[in-house]
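Here the structure comes first, spelled out in structure tokens, and everything after it is commentary.
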Amino acid sequence: MMRTISRAALSLAFLGLAAGVAVAQPFAYVANAGSNSVSGYTVDSTTGSLTGIAGSPFSTGNEPIAVVATPSGKCVYVTNDYDNTISAYSLNGTKGLLTPIAGSPFATGSNPISVAISPSGKLLYTANDNYFGLGTSGVSAFRLDGATCALTQVSGSPFAAGTETVFLAFTPSGKYLYVSNASSVGNDVYAFAVNSDGSLTDVPGSPYPAGSSPYGLAVSPSEKFLYVPNTGSGNISAYSINNATGALTQINRSPFVTGGSPQDVAVTPSGRFLYVAGGSSDEVYGLRINATTGALTPISGSPFVAGDYPYDIKVSSSGQFVYVTDVDGSQVSGYSIDASNGALTPLAGSPFATGASPYSIAFANPAAKACGALNVSAEATLAPGPYTRQSRGSDLWNETLTITNGITPISGPLSVVLTDLPSSTTTVSGTYPGLTTTYCFSAAGNYVVPLDSLLPPANDDTLLPGEALSVPLVFETTGGSSVKPTHYKAKLISGTLDK
């Protein structure tokens, strides 16, 4: 039975991509509710175009309506709305093929309409809206095994979150989870503190009032603001987030008018722009975010033309592209983002064909392997810091990473693994010859930064015993002057990146 869209309301984590570095292409996956399948695509990191993966589409359960990938890119999950299950797949990082894992599909609550994975990649949650009235609404919680992709339900799951639980969003730190309740007797947002075992605890004051039929949610990268589109009232509710408690406070002039029946929202990694899938208006709305107040103002040229009933919207981890699923058009519309003003321009080849009724799109950036092609060296000591803010009001921080060799010469090419890089860090670039490219990070995690050509030519790319190498890096962070990229560990590795 196909869900009817309401027109009235409705290890290594990521590998920084850079020119000249041979890494796996990122992949995109689209859940096709009308054809019980997932379409897979490679994503051209330069043009943003989508190209179908050989072997795609991949079969799912009945009415797949939401898709998500782990931060590592190793696991992909699809909620099957009519089956009350979630299908789990392992991802082949070379070809993008999806293979069902043992034990899949896993039981969820009634009609899982959306899914979210914690920034740590260790927890997964589904929003169960009980669309057919045969069970109960709420949030199902699972522990996620990053090695096998298997799911284990958390004790106490599902957790109550109104009578029509529809969408979920984590804060970048993973401390809080927000859930929209589109029930006419609710029209509110639930806030939970996420415990270490995956259980959820109500934030004091939750739930918080929203507009009519609140749906998709998005938290700003700074973790200061939450945005919720109200499909019934054609506007966006905006809240400031208390980082100490998770409590929400509606900001001045909220809600902000969009039009149509806004379904979902997405914020760029820079935190400057917000984009809205307009639903019945067949448009994408673009808004500029005031970094201080969180207020929204329309981008020049907005709204932008989309396909038939845009529903789910995502921004690429590079911040260059926007993609929206057009449910009634069986396609994905893709746009490039003007970094200066946020305006959208359709990508060449857009729209891209999907299966029937594409409700959701997700991206996966498979990492290079930590073993095998990457030979970990225990011969070097790395000393991070100190950190120096470049200028008043700037989010750029200088750091000089000093690499001191031990006894055995270390041959290049060399790379540095930045372990547990915080979610506040968005990019790192190098001022040393050879590291002139900017590496973009989409979430908290572990990243490989190649240091090719950093060593003096006279040493033939070999770090000699006792030799010290200084690597000046520049971090760009989000969140203002209090944020420093200090909470990570660095590990030197030698060898070649896994292809």
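The values are calculated or read from the model by the stated rules, or taken from the named source; none is laboratory data. Treat the numbers as computed from the prediction; the structure is a model and nothing was measured. Please note: Cβ atoms are built from the backbone with ideal geometry, for glycine as well, and neighbour counts cover all protein chains shown. SASA here: full protein model, heavy atoms, side chains in, ligands and nucleic acids out. Shrake-Rupley method; radii C 1.70, N 1.55, O 1.52, S 1.80 Å.
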Unmet requirement for THR249, which otherwise passes all of (1) at pLDDT 95 or above; (2) within 16 Å of the chain's Cα centre (by Cα); (3) closer than 24 Å to THR292 by Cβ; (4) not small (Gly, Ala, Ser):
(2)
Would you call GLY61 modelled with pLDDT of 90 or more, assigned to a loop (DSSP other than H, G, I, E, B) and surrounded by 15 or more Cβ atoms within 10 Å (Cβ to Cβ)?
yes
Selection status of THR152, in contact with a Lys or Arg (Cβ under 9 Å, 6 or more places away or on another chain), of a type outside the set (Gly, Ala, Ser) and in a loop (DSSP other than H, G, I, E, B):
no
Check GLY186, GLY138, GLY146 and return the single one that is of a type outside the set (S, T, N, Q) and at positive phi.
GLY138
Picked from segment 111-131 (must be at pLDDT below 95 and among the small types (Gly, Ala, Ser)), the residue farthest from ALA33 (Cα to Cα) is SER120
Looking at VAL179, is it in contact with a strand residue (DSSP E or B) (Cβ under 6 Å, 6 or more places away or on another chain), crowded, with 19+ Cβ neighbours inside 10 Å, modelled with pLDDT of 95 or more and within 21 Å of ASN128 (Cβ to Cβ)?
yes
Count of segment 122-147 residues which are surrounded by fewer than 24 Cβ atoms within 10 Å (Cβ to Cβ), part of a loop (DSSP other than H, G, I, E, B) and touching a Gly at 6+ places or on another chain (Cβ under 9 Å)
5
Got a sec? Which strands (runs of 3 or more DSSP E) wholly within segment 191-250 have at least 1 residues that are open to solvent by 30 Å² or more (accessible area, probe 1.4 Å)?
200-202, 235-241, 248-250
Residue in segment 360-380 that is surrounded by fewer than 23 Cβ atoms within 10 Å (Cβ to Cβ), more than 23 Å from the chain's Cα centre (by Cα) and modelled with pLDDT of 90 or more present
no
